[in-house]
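Trainee: The structure's right below; bear with me while I get my questions together.
The values are calculated or read from the model by the stated rules, or taken from the named source; none is laboratory data. The structure displayed is predicted, hence computed values, not measured ones. Cβ placement follows ideal geometry from the backbone for every residue including glycine, while neighbour counts extend to all protein chains displayed.
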Amino acid sequence: MRERILNTIGIGLLAVCFLIAIARIVFIRFQSKSSVDGSKVVELRIAHWQLENGPRAAFEALANEYSRRHPNVRITQIPIPERIYGNWLVTQLVGGTPPDLIQLGIGMNDERLARFFTPLSELADRPNPYNDGTPFEGKPLRDTFADGMQGGYYPNLVEFYGVPISGKSFRMFYNLDLLREITGSERVPQTYDELIALCKRTQEYAAEKHVRMVPIAGSKYNGGILMQALFTSQTQKLRERLTPTGMLVTPASMLADRLLHKQWSLDTPDAKSGLTLMREVAQYMQPGFMQLLRDDAMLLFVQRGAVMITTGSWDATSIRQESPFRIGVGSIPYPAPDHPVYGRFTYGSIADAEGSNAGTVLGIPRDTKHPEETRDFLQFLGSVPGGQIWTDRSGWIPSVMGTKTSPDAAPFLPNPNGYVAGFSYLEGGADVGGIVDSNMHNLVSSYGSVDRFIAATSKSYERAWVSDLQRNRRAQADIVQRSDTQVASFLWLARKHPENAEAQHKADIALQGADASERTLIYTNMVLNSKANNTAP
Amino acid sequence: MPAAISKRKALYEWKIYLFLVPSLLLIGIFSYAPAFSTVYHSFFRWSGGDAKEFIGLANFKNILADKVFWNSFVTIGILVLANMVKMVPSIFMAVCIHRLKSERWQYNYRVLVVLPMIVPSLVVLFIWKFFFDPTQGVLNHFLDATGIKGFLVDLDKLFHWGVFFADVPIAWLGTPGLIIPSLIIWGFPWIGAVGVLIYLAGLQSIGTEVYEAAQLDGVNSLQKFWCIEFPLIMTQVRISLVLLVIGTLQSYGLQYLLLGGNGGPGQKGMVPGLWMFSKAFAAGEFGYACALGLFLFVFILTLTYLNNRYVRVDK
Amino acid sequence: MFPLHLPTRHLFACVCAAVFAHGLNLCAASETGATPSEEIDQAWEKGATFRFNEANVHFGKLAGKPGIAERERLLGEAITLLNRQPRAQSNITEAGAIFEKLVRENDSDTIAVFAQYFIGRIEQVFLDPPNYEAARRVYRDLLARFPGDVVAERAASHLVLLDLYEDVSKEERLKRLASLETLGNSLNTSMGKREFHINAGQACLDLDISDEKALEHFLLADKEGITRWQTEMAAWVIIAELARTENKREVAIEYYKRIIAKYPSNIRTFTMKKRLESLTGTTVNGSPAPGPAVVSGI
């Protein structure tokens, strides 16, 4: 009897849940089919991987504002975790069921862009109607972005496929309450020495108070940002010595060439100084931090387990919302040229980022069911009013000119007033990264040292650069081969339609890109051949 | 052995076979097509996009010279041996439950053992990662609180391991020498629900007359286990062994989550599956990763064959 | 009996048809109502956007269609065949045969220029191992026979790379550069000249031939107009820096100013400002001393 009652209750519960679910589906479908005025409602879906709190709230606010202006359009967000975004997106695209607006980046390549996304050159050249009444009224969309919309431009395809709606930068975040407790003031470090002094003081404070606390919350991701930045400050002059006059940026193939010809190694004083800096800051992070994830470091920071953390501007909103304390923000304090130990290898602080360093780029898939509405919504996102809502609500850096940077976003505006960075020890590629990663404990752990790290990597580091270079050569050869067909197609169309200025322009741009790739390929070939023949190029 | 039926009889109601079509189609699409795609792509230089180039056996030749891949078999060998040892607690638990007099308590314990299965395995992995955290992890807190850490530091001084230091929290996943121990410690106390259920099923199929006869002969508890229970659940142990070897060789999720795609410091936690994954998704060498996968498949197939052929169960 | 009911069969057929139609949609020409000229242009556009397999199938489907120029179609088919995936040596051989055929049929029209150019590209880029000597021969012949043609003049920039990046002595490189410069002087199209000079200038830097020559070539390239911003920015920085070290103060100042005006937020711009300040002895607007921008208490 008892069993029967239990079974009946179980079935009853199941039936109730089922009915609620059905009712909800019916309600949502009914809701999505009609608007206030009875006309058919269009539902736009926007997929992105910005799971941080700020951008989600910003998308929500933008959707509400757009729906207020267009009552027949309803916008839904589909936030997908970064780890699975690529796979998820490819499945949607190949299956022909993509959302209407998609964040570009993860899982994307030229072929997928060309096959599945709508070219936006025509949209970029048109004035944005949502900018009417602003100083940008009548101006082409691309001229209303700080970076000229370069963040959405794909040079290999000679086409705009996206609209960038935010920028990004790296910063140090400080727990101001802890800072005051430890130092008696809220002044954040302005120089490298001040940073180290704060770290030491924090350790003393933790020992005095018997609390588990580290100065810097580290993880492979967060610690990596700080350590790489400091290393590149020490290779500024070395890069200049290794590179022909005028080339302020050194390609990986050239670095490989110089490495193979013993013009530099991790044992070179500049690089060694960079490694020393890395080890110095690593001592102030948790032991074994290289095995921790970004979330582990964030958790430690917001739980008052660390005074500072290095991360990107995109984490600002989450940190602010999750932290029960006030936050201070500052640039990474690089050693200055007059620093007694590290100054001789550096020119000074490093420029933050290029204008085209776009954070969130959105594109329209070809298979969208509502191309017109999606284009219009994208124009709204890329307008001054849309950009304003975005930066106000997300706390992220705006990409649209004329938007007033919110106080929250202001500390993250890229500071171009800095020198060009040196090169990183990781620049070779995946194999170099692997070798460095698996030996990093020799540098950063308590028992490690710079010499130990250099000794541990000495045999494999150069080999890894060669294998990465070989892989890059194959990739570059592939690009050159594909560019040949692409450029020929453009050139043919340009020749066939001499009156079409757009066709002429595309052919010209594609041709220059293809030639740049061919130069890289032939240089890489030369380096590898000279390695094989053991001769200097 | 079921009796053979004639072809005519088998095909008499041939249309019912059509009901198999959806299942076969799904198995074909989701199980066999990817497998064939792996075989196909192992002969190509392929970076995951649409561009690929046929390179014959070059990927397989490269495997022969791939030191990391071969070294990873040492790690996996240690883990297979450790996992074999980790079967013991499950057998012990199964025997304990089986010997309970009260059926009600047997049921309760079965539920208790099975209950953790509802926790997604990814969550379990994350919990363990948190256990190993050097500053906030439970393991280090426990070692500090119980004074075991001091003992470990003394042992370290005696044997010169260079992994435990007095004033530094233990970096379980950040020290090469502690990677394998951490991977072995993982899952403590190593009572697997599936294993316990499999052994229990075996134990429950042992007839009561066997126990009665043993009791008349005056056997003690230990003898009962070695002379009756263990030999009679050898079929289940063998199944577990096969599943365990295949599972350990195939798996890399644990290492990926705890140590990252590179297998941790010194690549001490690198296993063949993780190397395959890392070659595909970090280096972009999908063709080579397919060849590694194929090699692994043949290796596991051979081991399974050898196990079925030579590990016999005499009842 | 378990007969398959009609609706079930219909459903099954619909699913099959949908899958089939989706496949067709992905891989074949589906455009309707387009003129033959528009239709072949659509195939070229697919080639221009890396959809090589689709383009190749499209060109193939246009065979024998009224109004379609067969030589153009064959050219398109062969060019896209070079990148049809999976890439196979047989495709390269087949494409090469089509190019040879096109040149044999008529060796003086536009199609012949493209076809001969690709015969050279197959030797240089698509063959494994490549045959650089054969590529050089084809390129020189192309330049001699089609002066003033954009496609033919692309051969000149390829020749620069082939000749200068070969493993030879510095003297030999200088000799080769001199010979190539004569060739460069004979070029007529703006695109051809620009690419020739960029490649020559970059080779002078990469191979440490001569900074003076590098500057000369980059200036000539810039004169022709560089329209790709990444290339333009890099070229301007090289010109400004080389002019500074080669004591061409006015040129350096002009290019530093250009960079600062056109690329204000580039990572190289601050360095350019500092260089300009040191050349002119004045402070450039908007270039405060670098240092951490510190903001507290958000």
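Trainee: Checking the conditions here, which among A:Gln481, A:Gln486 is within 14 Å of chain C (Cβ to nearest Cβ), in contact with a Ser or Thr (Cβ under 8 Å, 6 or more places away or on another chain) and either buried (at least 19 other Cβ atoms within 10 Å of the Cβ) or farther than 26 Å from B:Phe164 by Cβ (or both)? Walk me through it before giving the result.
Mentor: Working: A:Gln481 fails: in contact with a Ser or Thr (Cβ under 8 Å, 6 or more places away or on another chain).
Selected residue: A:Gln486, the only one of A:Gln481, A:Gln486 that is within 14 Å of chain C (Cβ to nearest Cβ), in contact with a Ser or Thr (Cβ under 8 Å, 6 or more places away or on another chain) and either buried (at least 19 other Cβ atoms within 10 Å of the Cβ) or farther than 26 Å from B:Phe164 by Cβ (or both).
Every residue, every condition in (1) among the aromatic types (Phe, Trp, Tyr); (2) in contact (Cβ under 8 Å) with a residue 40 or more places away in the chain; (3) in contact with a helix residue (DSSP H, G or I) (Cβ under 8 Å, 6 or more places away or on another chain), yes or no:
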| residue | (1), (2), (3) |
| --- | --- |
| C:Phe59 | yes, no, yes |
| C:Leu74 | no, no, yes |
| C:Glu94 | no, no, yes |
| C:Ile98 | no, no, yes |
| C:Glu105 | no, no, yes |
| C:Ala115 | no, yes, yes |
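Trainee: Against the condition within 12 Å of another protein chain (Cβ to nearest Cβ), of a type in the set (Gly, Ala, Ser) and not in a strand (DSSP E or B), how does A:Ala114 come out, does it pass?
Mentor: It is true that A:Ala114 is within 12 Å of another protein chain (Cβ to nearest Cβ), of a type in the set (Gly, Ala, Ser) and not in a strand (DSSP E or B).
Trainee: Do you know which residues across the range C:212-236 are at pLDDT below 95 and facing chain A (nearest Cβ under 8 Å)?
Mentor: Once the filter is applied, which keeps residues that are at pLDDT below 95 and facing chain A (nearest Cβ under 8 Å), the range C:212-236 yields C:Ile226, C:Thr227, C:Arg228, C:Trp229, C:Gln230, C:Thr231, C:Ala234.
Trainee: On the basis of being within 14 Å of chain C (Cβ to nearest Cβ) and either surrounded by 11 or more Cβ atoms within 10 Å (Cβ to Cβ) or modelled with pLDDT under 90 (or both), does B:Lys15 make the cut?
Mentor: Spelling it out, B:Lys15 is indeed within 14 Å of chain C (Cβ to nearest Cβ) and either surrounded by 11 or more Cβ atoms within 10 Å (Cβ to Cβ) or modelled with pLDDT under 90 (or both).
Trainee: Which pairs have Cβ atoms under 7 Å, sit 6 or more apart or on different chains, and link a residue in the range B:165-179 that is more than 9 Å from chain A (Cβ to nearest Cβ) and closer than 22 Å to A:Met213 by Cβ to one that is surrounded by fewer than 24 Cβ atoms within 10 Å (Cβ to Cβ) and of a type in the set (Val, Ile, Thr)?
Mentor: Taking only residues 6 or more apart or on different chains, the pairs are B:Ala166/B:Val153.
Trainee: Filtering the range A:143-160 down to residues that are within 21 Å of C:Pro264 (Cβ to Cβ) and modelled with pLDDT of 80 or more, which residue is surrounded by the most Cβ atoms within 10 Å (Cβ to Cβ)?
Mentor: The selected residue is A:Gly152.
Trainee: Does the range A:252-261 include one or more residues that are over 19 Å from A:Phe423 (Cβ atoms) and of a type in the set (D, E, K, R)? Before the answer, list the steps.
Mentor: Here is the first cut: in the range A:252-261, the residues over 19 Å from A:Phe423 (Cβ atoms) are none.
No, because not a single residue in the range A:252-261 is over 19 Å from A:Phe423 (Cβ atoms) and of a type in the set (D, E, K, R).
Trainee: Search the range A:51-65 for residues that are more than 16 Å from A:Ile165 (Cα to Cα) and pair each with any residue that is assigned to a helix (DSSP H, G or I) and hydroxyl-bearing (Ser, Thr, Tyr) when their beta-carbon atoms are under 7 Å apart and the residues are at least 6 apart or on different chains.
Mentor: A:Asn53/A:Thr317; A:Asn53/A:Ser318
Trainee: Another question, if that's okay. Name the residues in the range A:448-477 that are over 30 Å from C:Arg87 (Cα atoms), in a helix (DSSP H, G or I) and not aromatic (Phe, Trp, Tyr), would you?
Mentor: Across the range A:448-477, the qualifying residues are A:Val450, A:Asp451, A:Arg452, A:Ile454, A:Ala455, A:Ala456, A:Thr457, A:Ser458, A:Lys459, A:Ser460, A:Glu462.
Trainee: Moving to a separate point now. What is the residue count in the range A:393-407 for residues that are surrounded by fewer than 20 Cβ atoms within 10 Å (Cβ to Cβ) and touching a residue at least 12 places away in the same chain (Cβ under 8 Å)? Talk me through it step by step, then tell me what you get.
Mentor: Quick first cut of the range A:393-407, residues surrounded by fewer than 20 Cβ atoms within 10 Å (Cβ to Cβ) only: A:401-402, A:404-407.
Next cut, touching a residue at least 12 places away in the same chain (Cβ under 8 Å) only: A:401-402, A:404-406.
Of the residues in the range A:393-407, 5 are surrounded by fewer than 20 Cβ atoms within 10 Å (Cβ to Cβ) and touching a residue at least 12 places away in the same chain (Cβ under 8 Å).
Trainee: Shifting gears a bit: For B:Ile55, which of the numbered conditions (1) β-branched (Val, Ile, Thr); (2) more than 14 Å from chain C (Cβ to nearest Cβ); (3) under 22 Å from B:Ala283 (Cα atoms) fails to hold?
Mentor: Of everything listed in (1) β-branched (Val, Ile, Thr); (2) more than 14 Å from chain C (Cβ to nearest Cβ); (3) under 22 Å from B:Ala283 (Cα atoms), B:Ile55 misses just condition (2).
Trainee: Just checking: which of the helices (runs of 4 or more DSSP H) contained wholly in the range B:234-315 hold 1 or more residues that are at pLDDT below 90, farther than 18 Å from B:Ala35 by Cα and aliphatic (A, V, I, L, M)?
Mentor: Helices (runs of 4 or more DSSP H) meeting the threshold: B:234-250, B:253-259, B:286-310.
Trainee: Here's something else I'd like to know. Would you check if there is a residue in the range A:178-190 being crowded, with 16+ Cβ neighbours inside 10 Å, away from chain C (no Cβ under 12 Å) and within 17 Å of A:Leu277 (Cβ to Cβ)?
Mentor: There is no residue in the range A:178-190 that is crowded, with 16+ Cβ neighbours inside 10 Å, away from chain C (no Cβ under 12 Å) and within 17 Å of A:Leu277 (Cβ to Cβ).
Trainee: Got a sec? Which helices (runs of 4 or more DSSP H) wholly within the range A:284-398 have at least 3 residues that are within 14 Å of chain B (Cβ to nearest Cβ)?
Mentor: Numbers: elements: A:294-302, A:316-322, A:371-381, A:384-394.
In the range A:284-398, A:294-302 are the helices (runs of 4 or more DSSP H) which contain 3 or more residues that are within 14 Å of chain B (Cβ to nearest Cβ).
A quick yes/no check of all residues on (1) part of a helix (DSSP H, G or I); (2) acidic (Asp, Glu):
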{"residue": "A:Glu60", "(1), (2)": "yes, yes"}
{"residue": "A:Glu65", "(1), (2)": "yes, yes"}
{"residue": "A:Thr76", "(1), (2)": "no, no"}
{"residue": "A:Thr91", "(1), (2)": "yes, no"}
{"residue": "A:Pro119", "(1), (2)": "no, no"}
{"residue": "A:Phe136", "(1), (2)": "no, no"}
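Trainee: Determine which single condition B:Trp46 fails, assuming it passes every other condition in (1) modelled with pLDDT of 90 or more; (2) within 14 Å of chain C (Cβ to nearest Cβ); (3) in contact with a Lys or Arg (Cβ under 8 Å, 6 or more places away or on another chain).
Mentor: So B:Trp46 meets the others, but not (1).
Trainee: Restricting the range A:400-421 to residues that are part of a loop (DSSP other than H, G, I, E, B) and away from every other protein chain (no Cβ under 12 Å), which is farthest from A:Thr524 (Cα to Cα)?
Mentor: Among residues in the range A:400-421 that are part of a loop (DSSP other than H, G, I, E, B) and away from every other protein chain (no Cβ under 12 Å), the one farthest from A:Thr524 (Cα to Cα) is A:Lys404.
Trainee: Which residue out of A:Arg180, A:Arg142, A:Arg187 is under 30 Å from A:Ile350 (Cα atoms) and part of a loop (DSSP other than H, G, I, E, B)? Walk me through how you get there before you give the answer.
Mentor: Working: A:Arg180 fails: part of a loop (DSSP other than H, G, I, E, B); A:Arg142 fails: part of a loop (DSSP other than H, G, I, E, B).
The match here is A:Arg187.
Trainee: I've got another one for you. Which one is surrounded by the most Cβ atoms within 10 Å (Cβ to Cβ) among residues in the range B:248-268 that are on the phi < 0 side of the Ramachandran plot and free of Cβ contacts under 8 Å to residues at least 60 places away in the same chain?
Mentor: B:Asn262
Trainee: Given the conditions (1) over 29 Å from A:Gly359 (Cβ atoms); (2) within 32 Å of the chain's Cα centre (by Cα), which single one is not true for A:Ala207?
Mentor: (2)
Trainee: Looking only at the range A:119-133, filter to residues that are surrounded by fewer than 18 Cβ atoms within 10 Å (Cβ to Cβ) and in contact (Cβ under 8 Å) with a residue 40 or more places away in the chain; which one of those is nearest to A:Asp478 (Cα to Cα)?
Mentor: A:Ser121
Trainee: A further question on this structure: Name every residue in the range A:299-312 that is of a type outside the set (Val, Ile, Thr) and crowded, with 23+ Cβ neighbours inside 10 Å, in order of residue number.
Mentor: A:Leu300, A:Phe301, A:Ala306, A:Met308
Residue by residue, here is whether (1) surrounded by 23 or more Cβ atoms within 10 Å (Cβ to Cβ); (2) closer than 29 Å to B:Gln267 by Cα; (3) of a type in the set (Gly, Ala, Ser) holds:
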position: A:Ser458; (1), (2), (3): no, yes, yes
position: A:Ala464; (1), (2), (3): no, yes, yes
position: A:Ser467; (1), (2), (3): no, yes, yes
position: A:Ser530; (1), (2), (3): no, no, yes
position: A:Asn533; (1), (2), (3): no, no, no
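Trainee: Among B:Ala283, B:Ala193, B:Ala214, B:Ala289, which is the only one that is within 14 Å of chain A (Cβ to nearest Cβ), among the small types (Gly, Ala, Ser) and surrounded by fewer than 23 Cβ atoms within 10 Å (Cβ to Cβ)? Let's see the steps before the verdict.
Mentor: On the way: B:Ala193 fails: within 14 Å of chain A (Cβ to nearest Cβ); B:Ala214 fails: within 14 Å of chain A (Cβ to nearest Cβ); B:Ala289 fails: surrounded by fewer than 23 Cβ atoms within 10 Å (Cβ to Cβ).
Result: B:Ala283 is the single residue among B:Ala283, B:Ala193, B:Ala214, B:Ala289 that is within 14 Å of chain A (Cβ to nearest Cβ), among the small types (Gly, Ala, Ser) and surrounded by fewer than 23 Cβ atoms within 10 Å (Cβ to Cβ).
Trainee: Only one residue in B:Leu203, B:Leu152 is aliphatic (A, V, I, L, M), in contact with a His (Cβ under 9 Å, 6 or more places away or on another chain) and modelled with pLDDT of 90 or more, so which one is that?
Mentor: Checking each option against the conditions leaves just B:Leu203.
Trainee: May I ask you to list the residues in the range A:191-224 that are surrounded by 15 or more Cβ atoms within 10 Å (Cβ to Cβ), assigned to a loop (DSSP other than H, G, I, E, B) and among the β-branched types (Val, Ile, Thr)?
Mentor: Passing the criteria: only A:Thr191.
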